[in-house]
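Some notes on the structure that comes next.
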Amino acid sequence: MTWIANGLFLIGMILLGYKNKWGWVLEFIGEMLWLKTSIEKEMWDLLFVCILFGSLQLWNFYLWWRQERK
C-alpha cells in the first residue's frame, strides 16, 4: 500500500509541476492511503506528519484556486 501512496504522490507532484489539476487528485488519494496506513499500523508519529502534509496540501490548493480565479 505504501508503494501505491508514494507513486501517487510522485506522479501528483510531477503533474502539479506542469500545472495539471489532476495532480491534486492524485496527491489527495495518496494522502488518504497514508492516513489509512498510519491508523491501521498505529503509527501515531506518521499520522501527525500526514496531518501536517495534508494541511500544507490544502493551503497550496487554496493558493492555486485563488490564483486560477483571477
#### Entry: Odd one out for Arg66 among (1) farther than 22 Å from Met1 by Cα; (2) surrounded by 13 or more Cβ atoms within 10 Å (Cβ to Cβ)
(2)
## Note on the structure
Scanning the range 8-53 residue by residue, those closer than 24 Å to Trp65 by Cα and small (Gly, Ala, Ser) turn out to be Gly12, Gly17, Gly23, Gly30
### Task
Show the residue pairs that are 6+ apart or on different chains and have beta-carbon atoms under 6 Å apart, the first residue being within the range 34-51 and touching a residue at least 12 places away in the same chain (Cβ under 8 Å), the second being in a helix (DSSP H, G or I) and aromatic (Phe, Trp, Tyr).
Cys50/Trp34
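Every number here is computed from the coordinates shown, using simple stated rules; none is lab data. Not measured: the values here are computed from a predicted model. Using ideal geometry, Cβ is built from the backbone for each residue, glycine included, and neighbour counts are taken over all protein chains shown.
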